[in-house]
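Here's the structure, in structure tokens; my notes come after.
The numbers here are math on the coordinates, done by the rules we state, and not lab data. Keep in mind the model is a prediction, meaning the values are calculated, not measured. Here Cβ is always computed from backbone atoms with ideal geometry, including for glycine, and neighbour counts include all displayed protein chains.
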Amino acid sequence: MTKRNYEHDGVLSEADLKSHGLIPSKERFNKGPVVIVECVEKIPCNPCVDACSKKAITIEGSITNIPQVNFNTCNGCAICIARCPGLAIFVVNKNYNQKQASISLPYEFTPRPKIGDIVNGLDRNGKIVCKAYVIKVLDAKGLDRCAVITITVPKKYYNIVRFIKLI
Ligand code: SF4
Ligand code: SF4
């Protein structure tokens, strides 16, 4: 079986992100909410840099370089999520509670989910992996038509679920 990677099938894996330094350490995950920037294409784009008042996201040199994240500076505020035109930014709280992680993700479709909804949690390949519970919906006008949805999922999926599908 061919090992999956971004070059092979265009779907990011945790290993791809690790190879670019875009996955926090286990210790940082355990400290609380943290940003995951799933952006490995060399494209001329940088709104994520200006979005973060903590300066946790940087793009050194050329604007086409891949963003780098200072995970110790990031406080998981999620402000940057809706500012990314590539829908590539997520905030993960691995220890939302004893059994669940929370994931904040960008969502451009309508209708929006509502707090309390049960939805399907999808992996980076669009495959359904679990049920997810909507615990927060941020849908302000200033967010440029992109809502930020926070869901909870079983803890083991904290680094797997990246999209949702309404049921
Ligand atoms: S989650 Fe907040 S602190 Fe972290 S990179 Fe995004 S804007 Fe900065
Ligand atoms: S705003 Fe999004 S797509 Fe653009 S460089 Fe930052 S993470 Fe990548």
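Please get the size of the charge dipole for region 8-166, origin at its Cα centre, with Cβ charges of +1 on Lys and Arg and -1 on Asp and Glu, quoted in debye to the nearest 20. Before the final figure, lay out each step's value.
Values: 22 positive and 13 negative charges, 125 e Å.
Roughly 600 debye, rounded to the nearest 20.
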Self-check item: Segment ILE135-ASP9, extension gain: residue separation times 0.36 nm, minus the distance between their alpha carbons
Solution: 42.1 nm
Practice problem: Treat each spin label as a single point 7 Å out from the Cα along the C-beta direction, and report the CYS77 to THR110 distance in nm. | Solution: 2.9 nm
Exercise. For every helix of n ≥ 4 consecutive DSSP H residues, a contribution of -39,500 (n - 2.57) applies; sum these over the chain, divide by its total residues, and give [θ] at 222 nm rounded to the nearest 500 deg cm²/dmol.
Key: -2500 deg cm²/dmol
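For the chain, what does the equivalent ellipsoid look like in terms of its semi-axes, each the square root of 5 times an eigenvalue of the Cα gyration tensor, given largest first in whole Å? Walk me through the numbers on the way to the answer.
Numbers: eigenvalues 104, 72, 55 Å².
Computed over the chain, the values are 23, 19, 17 Å.
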Self-check item: Relative contact order [Cα under 8 Å, 6+ residues apart], the chain, whole percent
Solution: 19 percent
Exercise. Quote the FRET efficiency, to the nearest 0.05, computed for ASN46 versus ASN70 with a Förster distance R0 of 22 Å and r equal to the Cβ-Cβ distance.
Key: 0.90
Practice problem: Just grab the label-to-label distance for GLU60 and LEU166, each label 7 Å out from Cα along the Cβ direction, in nm (one decimal). | Solution: 4.4 nm
Self-check item: Gap separating the Cα centres of region 128-167 and region 52-110, nearest whole Å
Solution: 13 Å
Quiz prompt | Residue-span extension gain [LYS155 to SER19] - 0.36 nm each, minus C-alpha spacing | solution = 46.6 nm
